[in-house]
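Here is the structure we will look at, set down as structure tokens.
The values are calculated or read from the model by the stated rules, or taken from the named source; none is laboratory data. If you're wondering where the values come from, they're calculated on a predicted model, not measured in any experiment. Note: ideal-geometry Cβ built from the backbone for every residue, glycine included; neighbour counts use all protein chains shown. Side chains included, ligands, DNA and RNA excluded: accessible areas come from the protein's heavy atoms. Shrake-Rupley method; radii C 1.70, N 1.55, O 1.52, S 1.80 Å.
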Amino acid sequence: FPVTIGALHEVRVFHFFCVWIAAFMYLFAVEITTHSALKRPGHYLVFLSGFLTTYYLFEGNIIQAVEPIGRLPNWTVPGSQFFIYLLHYGVYSTWAAHILWAHLKKADVNRKAQLKPVLQGLGIGLLGGWTTFLPGWGIKIEPHGIHFIFLFQFFVAYAIAKTELLDIRLIVTKGVAYFVSLGMLGLTFLPVLLLDGYAAWCFSLGLAVLS
């Protein structure tokens, strides 16, 4: 397939968004159901997975090339490392839906009213997201489901505004703290981007443990 740098970059940026929206879905589901997001060591694995997937997305062979699908001039041709992206997106987005569904079944009436819009938005976005994989699997249809990915945000906003799902002031305060923490954690992986080889990975791992 003929590939231009600009077209390949555009597709990679789209998948970069999908990597981190899956991470957000998972952490958001944990927070609104248990109020314990980032309070357990295992919750940070989503960041490690996100950083590694992002690295191979831009520096590896997750995307081999691009091709036209329907009215879309550029769409993904999976590379040999596409499974890395597929695992990250599939595991964390589906896990988020499972967390919400399991909590919804045990919730009272008021809590169900809060969680239903979020689960509905996540379900629609998740189904739309999975349709974007079809062209890469040989089903050459235009992935219209891409538009439904963005509905998740609207359903979440509705749940917050109408059902008081979250305390906005508290979320903003915690969000700033998490953003700073995430930035510091991300810096520990900088040597992987600047250096090559086993030493870079050891150095980054050591910094991550110490931080």
Can you tell me which residue among Gly145, Gly128 is under 15 Å from the mean Cα position of the chain (by Cα) and under 25 Å from Leu72 (Cβ atoms)?
-> Gly128
Does Phe83 satisfy being part of a helix (DSSP H, G or I), modelled with pLDDT of 80 or more and open to solvent by 20 Å² or more (accessible area, probe 1.4 Å)?
-> yes
Collect the residues in the stretch 11-35 that are in contact with a Leu (Cβ under 8 Å, 6 or more places away or on another chain) and outside any helix (DSSP H, G or I), keeping them in residue-number order.
-> none
Mind checking which residues of the stretch 96-112 are within 24 Å of Trp20 (Cα to Cα) and either among the small types (Gly, Ala, Ser) or outside any helix (DSSP H, G or I) (or both)?
-> Ala96, Ala97, Ala102
Taking Leu45, is it in a helix (DSSP H, G or I), without any contact (Cβ under 8 Å) to a residue 12 or more places away in the chain and within 15 Å of the chain's Cα centre (by Cα)?
-> yes
Report the residue count in the stretch 132-154 for those that are under 18 Å from Ala23 (Cβ atoms) and surrounded by 19 or more Cβ atoms within 10 Å (Cβ to Cβ).
-> 3
When you go through Leu8, Leu52, Leu38, Leu57 one by one, which is the residue that is part of a loop (DSSP other than H, G, I, E, B), hydrophobic (A, V, I, L, M, F, W, C) and surrounded by 15 or more Cβ atoms within 10 Å (Cβ to Cβ)?
-> Leu38
Residue in the stretch 50-71 that is more than 24 Å from Pro135 (Cα to Cα) and within 19 Å of the chain's Cα centre (by Cα) present | yes
